[in-house]
Amino acid sequence: MTNVTIFGTGTMGSAIAGVLAAGGVEHIGSDGTGTISGDIVVLAVPYTALADIAAKYSDQLAGKIVVETTNPLDFSTFDSLVVADGSSATAELASALPASKVLKGFNTTFAATLSSKKVGDLATTVLIAGDDDDAKRTVVELITAGGVRAIDAGALSRAHELEAMGFLQLTLAAGEKISWTGGFATVE
Ligand SMILES: NC(=O)c1ccc[n+]([C@@H]2O[C@H](COP(=O)([O-])OP(=O)(O)OC[C@H]3O[C@@H](n4cnc5c(N)ncnc54)[C@H](OP(=O)(O)O)[C@@H]3O)[C@@H](O)[C@H]2O)c1
């Protein structure tokens, strides 16, 4: 039985849960009890929560696939990322959780496009990055089973580019150049 624990029951956590449920994931839980039952853990929380979660749950997260979804913007200015140049929230989390299989995922797809499975007329595509090929394959298969395209976008180091994409997409939507139901799409 595939068991996924999602931290965060907000906009993104709910949309991701919907995709996984559509794909037949039998058990999707939240972190409510303080005990993580899932073999796969999705962190649909703000960037600012990652360090606390890593500190509190590092033992429980050891050996598990951890998919982090954040766009680490400076939301006071909407003009920069808050991670060090060349780094990423994902790289920071991987350093804090050396025994976990940390992946980047979902940050370049607005929640509405996960639910609709469409960006305009095109299929929504989730981009996944990380250094563990088996972990990426597992997550790509779960998302695909839920009716949303997913692609292995490369190594953990690609999380830097994914966060740059997510940053740009957010500024375009916040500036009303695109809608929150739109965004970047990937064509095969
Ligand atoms: N929304 C999107 O379209 C979208 C797209 C791509 C990426 N993302 C990323 O997805 C993440 C979540 O965004 P969202 O739009 O879903 O935000 P949201 O609707 O505000 O939900 C955030 C969730 O995180 C929880 N949370 C906050 N601090 C926490 C902590 N320390 N420990 C555990 N849970 C905590 C919140 O719980 P409480 O309500 O109890 O505080 C809430 O359930 C963000 O990093 C965002 O950058 C969002």
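Any read-out appearing in this document is the output of simple, stated calculations on the displayed coordinates, not a laboratory observation. The structure displayed is predicted, hence computed values, not measured ones. With ideal geometry, Cβ positions are generated from the backbone for all residues, glycine too; neighbour counts draw on all protein chains shown.
The table below gives the values:
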{"quantity": "Shape category assigned to the range 56-115 from the gyration tensor of Cα positions, a/c cut at 1.5", "calculated": "oblate"}
{"quantity": "Zone of Glu141's modelled label, taken as backbone nitrogen in the range 1-30 under 16 Å from a point 7 Å along Cα→Cβ", "calculated": "1-4, 20, 23-27"}
{"quantity": "Gap separating the Cα centres of the range 70-99 and the range 12-69, nearest whole Å", "calculated": "18 Å"}
{"quantity": "Calculated P(r) of the range 135-188 - Cα pairs past 12 Å, %", "calculated": "72 percent"}
{"quantity": "Dipole axis of the range 52-120 (+1 Lys, Arg; -1 Asp, Glu on Cβ), positive-most option in Phe75, Pro98, Gly63", "calculated": "Gly63"}
{"quantity": "Beta bridges per DSSP with both ends in the range 42-188, % antiparallel, nearest 5", "calculated": "35 percent"}
{"quantity": "Cα shape, the range 1-126, gyration tensor, a/c 1.5 rule", "calculated": "oblate"}
{"quantity": "Separation in nanometres of the label points that stand 7 Å from Cα toward Cβ, at Asp79 and Thr11", "calculated": "2.3 nm"}
{"quantity": "Global geometry of the range 48-188, whether rounded, prolate or oblate, following the gyration tensor of its Cα atoms and the 1.5 cut on a/c", "calculated": "oblate"}
{"quantity": "Computed helical MRE - 222 nm, the chain, DSSP H runs ≥ 4 contributing -39500 (n - 2.57), nearest 500", "calculated": "-11500 deg cm²/dmol"}
{"quantity": "Cut-off under 5 Å, modelled amide H: who pairs with Ile40 long-range", "calculated": "Asn3, Thr5"}
{"quantity": "Sequence ranges 36-42, 112-118, ranked by mean other-Cβ count within 10 angstrom, highest first", "calculated": "36-42, 112-118"}
{"quantity": "Cut-off 15 Å, label 7 Å out along Cα→Cβ of Thr181, residues of the range 84-121 by amide N", "calculated": "110-121"}
